[in-house]
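The values are calculated or read from the model by the stated rules, or taken from the named source; none is laboratory data. Please read all numbers here as calculations on a predicted model, not as lab measurements. Cβ sites come from the backbone with ideal geometry, for glycine too, and all protein chains shown count toward neighbours.
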Amino acid sequence: MKKDIKKGKITMTITIGIACFCLVLVMFMQFKIVNETDITSIENMKEAELRTELANWKSKYEEADQAYQETQAKIQEYKETKQSNEETEKVVNSELEQINLSLGTTDVEGQGIEIIVRDSEDAEKIKAADLLLIVNSLKLSGAEAISINDNRIINTSDIVDIGNEFIKVNGERILAPYFIKAIGDPAYLESGLIGNGGYVDTMRKIGQDVTINKSNKLKVSKYNNEIKTKYIQ
């Protein structure tokens, strides 16, 4: 009888032990599932956040890149505009320089010749026509700037006799000796004056005193008077 009671207690103890073990095992499995579920959720949440953050940075990068490209385009446009303006300015300045040279409103320097004409006892007194013929010969020989006694000769310049006393150039009285400066190729200018049929050659033949000096650096002063027109509107 005692043996049966003892055996029953052992059986009950084993049964309770197995039941407890199973309960513990079930609880352990539940905890594991819960833990795994939380970790997966957290990982999924982190991945979503990372994707969102990456999308945000990508959007910011695209915006910054677009702004950079627009800025570069503007800079290039400014450079092209500046270059265009500089080129336009150079063209305008060049044209103005040519206009000023044609009008004689600027001092100029360059190679050329200086003709000195003096009155001679062996010939007639120098007239305005003599100076005018020399000037015309110089123009035909390519002179780019001419002056007589530092009076710049331009298209509207007058070279006239005032009685038998003196000559007027640009309305200013001048007296001998007459210093005629011309900028251009010295050889061409001289050849136009003393070559076959040159007017200086003719003047020398009749006894007039004319000297020609070549120069590598000759200065011709600007036209100082007001340029007036009658018919241009």
Looking at segment 198-205, can you tell me whether even one residue there is surrounded by fewer than 17 Cβ atoms within 10 Å (Cβ to Cβ) and either at pLDDT below 90 or among the aliphatic types (A, V, I, L, M) (or both)? no
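Take segment 163-173 and flag every residue that is under 18 Å from residue 208 (Cα atoms) and surrounded by fewer than 20 Cβ atoms within 10 Å (Cβ to Cβ). Step through it out loud before you land on a result.
Step one: list which residues in segment 163-173 are under 18 Å from residue 208 (Cα atoms), which gives 164-167.
Within segment 163-173, 164, 165, 166 qualify.
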Here the residues within segment 194-218 that are charged (D, E, K, R), touching a helix residue (DSSP H, G or I) at 6+ places or on another chain (Cβ under 9 Å) and more than 18 Å from residue 141 (Cα to Cα) are 204, 209
Scan (1) of a type in the set (A, V, I, L, M); (2) under 13 Å from residue 116 (Cα atoms); (3) out of contact with any Phe, Trp or Tyr (no Cβ under 6 Å at 6 or more places or on another chain) for the single condition residue 194 breaks and write down its number. (2)
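Just to be sure, is residue 202 in a loop (DSSP other than H, G, I, E, B) and of a type in the set (Val, Ile, Thr)? Walk me through how you get there before you give the answer.
Details: in a loop (DSSP other than H, G, I, E, B): no; of a type in the set (Val, Ile, Thr): yes.
Judged against the criteria, residue 202 is not a match.
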Consider only pairs whose beta carbons are under 9 Å apart and that are at least six residues apart or on different chains; among these, list those whose first residue lies in segment 190-204 and is within 19 Å of residue 123 (Cβ to Cβ) and whose second residue is acidic (Asp, Glu) and surrounded by 17 or more Cβ atoms within 10 Å (Cβ to Cβ). 198/190; 199/130; 200/190; 203/130; 203/209
Just name the residue that is surrounded by the fewest Cβ atoms within 10 Å (Cβ to Cβ) out of those in segment 130-162 that are over 41 Å from the mean Cα position of the chain (by Cα) and touching a residue at least 24 places away in the same chain (Cβ under 8 Å). 160
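When segment 186-214 is examined, which residues are found to be of a type in the set (S, T, N, Q) and either touching a strand residue (DSSP E or B) at 6+ places or on another chain (Cβ under 6 Å) or under 17 Å from residue 176 (Cβ atoms) (or both)? Working first, answer last.
Narrowing segment 186-214 to residues of a type in the set (S, T, N, Q): 191, 196, 202, 208, 211, 213.
Answer for segment 186-214, where residues must be of a type in the set (S, T, N, Q) and either touching a strand residue (DSSP E or B) at 6+ places or on another chain (Cβ under 6 Å) or under 17 Å from residue 176 (Cβ atoms) (or both): 208, 211, 213.
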Based on this model, can you work out whether residue 123 counts as part of a loop (DSSP other than H, G, I, E, B), in contact (Cβ under 8 Å) with a residue 12 or more places away in the chain and surrounded by fewer than 17 Cβ atoms within 10 Å (Cβ to Cβ)? yes
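Given 191, 157, which one is within 21 Å of residue 107 (Cα to Cα) and either touching a Leu at 6+ places or on another chain (Cβ under 9 Å) or among the small types (Gly, Ala, Ser) (or both)?
Details: 191 fails: within 21 Å of residue 107 (Cα to Cα).
From the options 191, 157, the qualifying one is 157.
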